[in-house]
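Working notes for the structure below.
The values are calculated or read from the model by the stated rules, or taken from the named source; none is laboratory data. Note that the structure is predicted; figures quoted are calculated from it, not measured. Cβ sites come from the backbone with ideal geometry, for glycine too, and all protein chains shown count toward neighbours. For the accessible areas, the whole protein counts, side chains as well, though only heavy atoms, and no ligand, DNA or RNA atoms are used. Shrake-Rupley method; radii C 1.70, N 1.55, O 1.52, S 1.80 Å.
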Amino acid sequence: MKFDLNRLVRENVRELKPYSSARDEYISDGSKMVFIDANESPYSNGINRYPDPQQHQLKTLLAKTFSLSPANILLGNGSDEVLDLIFRAFCEPHKDNIITMPPTYGMYKVLAGINAIENREVLLTESFELDVDKILESKNSNTKVIFLCSPNNPTGNSFSGIHIENLLNNFQGLIVIDEAYIDFATKSSWLNRFDQFPNLIVTRTFSKAYGMAGLRLGVCYASEDIITILNRIKPPYNVNELTQRKALQMIQNTALLEEQITEILAERDRMVRQLAEINYINKIYPTDANFILVKVDDADKRYKEILESGVVVRNRSTQPLCDNTLRFTIGTPKENETLLKILNSL
Ligand SMILES: *Cc1c(COP(=O)(O)O)cnc(C)c1O
């Protein structure tokens, strides 16, 4: 069967006439025009004008960085908004379903709930790998999207490229690969594979390696056709002026970004070696991200002890396949040292 994007789009979205904002027509930036079209305040203070709804400057920079076209990019108020837009464009409430692979990022399930979409869960294998046969068995004609998180949160591993490619080739719905942690990974990204896989969507965020969780900026990369559909339903001014400006400025400092990633990776290796020496840590899972999942003797007890010493880690024990696990984010060398001291004192 051939991939048919039109079949996947919700009927109301297909027929929707998008809101046309004043700033869609002209961009005020650097222009000599007089703008009295949008009922804004005329008094300049840096933010009195509506932001560029298509974020041209940011997209141009990202497109150049990743050898794509701006038409392959949609920006959102965090990747959470981007993921929500995917639901709203393609998943019909009370009718369609998605597939997720726990243990994984919690937002896919929450968004499915909000959008009244059935979430079909297919557990990862014991080694946290995709169970491709089970995933393909659990789909039906109303399965619109499969959400993969690679590197996966909270397990830390990237999935096998062969498994992912197998899914891309054998599923006629959309496959979202959430690459929130890709900057820490050794495995290569799925960006630039849109020509080969028209059903592929890659999401990224500026909240992790890029150090801008407070800005709320997420990115969706996909074929032009998919981006066009998402553009029809996004709120016109979903990425505010301050976010666009600050992100532009920070993204250009690639030296700082690389330096920080290098330090996080070195610290991650050091932490893995040190954690291996602690007798109540029974397992350290392989990681391709900026965190480490460990299995301890009694996660609730250790979590409390660490907390009482002034450090907040994440207890993932309630997640399937994650009994007695804690997740440690890699901090600064000093923060990591603090955690190690506490762990060694227990
Ligand atoms: C942290 C994280 C995100 C980031 O979401 P934002 O809304 O962009 O901050 C996305 N996906 C995964 C798997 C994450 O762990």
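A few remarks follow.
- Residues in region 11-23 that are modelled with pLDDT under 95, open to solvent by less than 80 Å² (accessible area, probe 1.4 Å) and not hydroxyl-bearing (Ser, Thr, Tyr): LEU16, PRO18, ALA22, ARG23.
- Counting only strands (runs of 3 or more DSSP E) that sit wholly inside region 154-222, those with at least 2 residues that are among the β-branched types (Val, Ile, Thr), within 10 Å of the ligand (Cβ to nearest atom) and buried (at least 19 other Cβ atoms within 10 Å of the Cβ) are 200-205.
- Sole exception among (1) touching a strand residue (DSSP E or B) at 6+ places or on another chain (Cβ under 6 Å); (2) more than 16 Å from ALA180 (Cβ to Cβ) for GLY76, by number: (2)
- Just one of (1) in contact with a Lys or Arg (Cβ under 8 Å, 6 or more places away or on another chain); (2) within 14 Å of the ligand (Cβ to nearest atom); (3) open to solvent by 30 Å² or more (accessible area, probe 1.4 Å) fails for ASN142. It is (2).
- Residue match in region 14-28 (condition: on the phi > 0 side of the Ramachandran plot and in a loop (DSSP other than H, G, I, E, B)): no
- Candidate set: region 269-312, residues that are in a helix (DSSP H, G or I) and closer than 20 Å to PHE128 by Cα; chosen: the one least open to solvent (accessible area, probe 1.4 Å): ALA299
- Region 87-106 - residue that is within 13 Å of the ligand (Cβ to nearest atom) and in contact with a Phe, Trp or Tyr (Cβ under 9 Å, 6 or more places away or on another chain) and, of those, nearest to ASN6 (Cα to Cα): THR100
- Hits in region 254-268 - residues which are of a type in the set (S, T, N, Q) and loosely packed, with under 12 Cβ neighbours inside 10 Å: THR254, THR262
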